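We did not get these values from a lab; they are worked out from the coordinates using the rules stated. Since the model is a prediction, treat every value here as computed from it, not as a measurement. Backbone-built Cβ (ideal geometry, glycine too); neighbour counts: all protein chains shown.
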Amino acid sequence: MYGVDRIPARGAESVKTIVMTGATAGLGRAAAMRIVPDAHLLVGVRGRSPAGLDALPLDLARLASVRSFVREVQNRLGDTQLDGLVLNAGTQVGNVRTRTDDGFETTFAVNHLAHYLLLRLLMPKLARGAIVVITTSNLHDPRTNRMAPPEHADAEQLAHGRVELGKSAGAMSGLRAYSASKLCNILTARALALSDFARERDLRVIAFNPGFTPGTRLTRNQPLAFRLVFAVVAPAIGFVGRMNTVASGGKFLADLACGQIAPPPGHLYASQVKRRLTWPDPSELALNDAVMLKLWRDSAQMVGLAQ
């Protein structure tokens, strides 16, 4: 993880090259449409390719598909390096009983493990000064998630749906699995940012929280009752405050990915609050270096990579 040979400085190029997941709907789609005019954007999609985007097949619920996607990206790009990597796709599942083809709990597998593998495999393609943006959520933080904050970030436990240690999965286990996966996203971003690799290539690493944003299709895999309640509650909240929108989140994600917004020194967690971008500290657990390193190493073992 923490060693890399020095590479020569990259010459100036007029068009940036960016790889992105989660570009088919919601704020990801909004971001992609802002990025496309000024960059070569290559997106991973499951199913039909969206109009206007250069897409390759990618199913984040299958690690074999992640590896196949990376091979296709490498073939497509040749010697061209990546100026940006945007890991934006995510899912919410109403429980912790579902498993991917690889045998991992679905939320953990899609939101964290597949993106971890994608990041690791594409790291050699990152240019000097490249930007990596990983979409997270303020649900990772007990200060902003009182309902079901993550209890831990132990990959072995999360991979098997054990989101609540010392007890069986409760009614909020699905939401807790999601919040734990978002904690893993921040820890992964921190591990990359603190690595020798990032320092050698002068990477900019950002964990972006779009905040509560209706219209993202994130709840599409939740039970019908949950989606109906969400459909009623979300508009009501909008009357109370300046609610985040798909457009505002997409703009921030695009601006971060294209380098138009830079983090303040010592910060990598960007959080959208009432359509404003803020730079708070993440949760105490997200700042725990021992937890961070263990997650990186355990995740590497799960996907068959060296640490």
**Report entry** the stretch 16-302 - charge dipole about Cα centre, Lys and Arg +1 at Cβ, Asp and Glu -1, debye rounded to 20
**Finding:** 720
Requested in this report: First select every other residue whose beta carbon is under 10 angstrom from the beta carbon of Asn288; then total the charges, Lys and Arg +1, Asp and Glu -1.
Outcome: 0
**Report entry** Difference of contour (0.36 nm per residue) and Cα-Cα distance, Arg99 to Asp289
**Finding:** 65.5 nm
Query - Burial ordering of Trp279, Trp296, fewest other beta-carbon atoms within 10 Å first - result: Trp279, Trp296
**Report entry** Linear extension gain, Asp202 paired with Gln260, 0.36 nm per residue minus alpha-carbon span
**Finding:** 19.2 nm
Query raised in the report: Which helices, counted as full DSSP H runs in the chain, have an axial Cα extent of no less than 24 Å and a Kyte-Doolittle average of 1.6 or above?
Result: 224-240
Query - Rg and Dmax [Cα atoms of the chain; Å; Rg one decimal, Dmax integer] - result: 18.2, 55
Requested in this report: Starting from the Cα-Cα distance between Leu77 and Asp38, subtract it from 0.36 nm times their residue separation and give me the gain in nm to one decimal.
Outcome: 12.3 nm
**Report entry** Sites Asp54 and His160, calculated FRET efficiency, Cβ-Cβ separation with R0 25 Å, nearest 0.05
**Finding:** 0.10
Report summary line: Charge dipole of the stretch 40-88 built from unit charges on the beta carbon (Lys, Arg +1; Asp, Glu -1), centred at mean Cα; most positive-end Cα among Leu56, Gln81, Leu41 is Leu56
Requested in this report: Provide the packing ranking of 71-81, 244-254, i.e. peptides ordered by the mean count of other C-beta atoms within 10 Å per residue, highest first.
Outcome: 244-254, 71-81
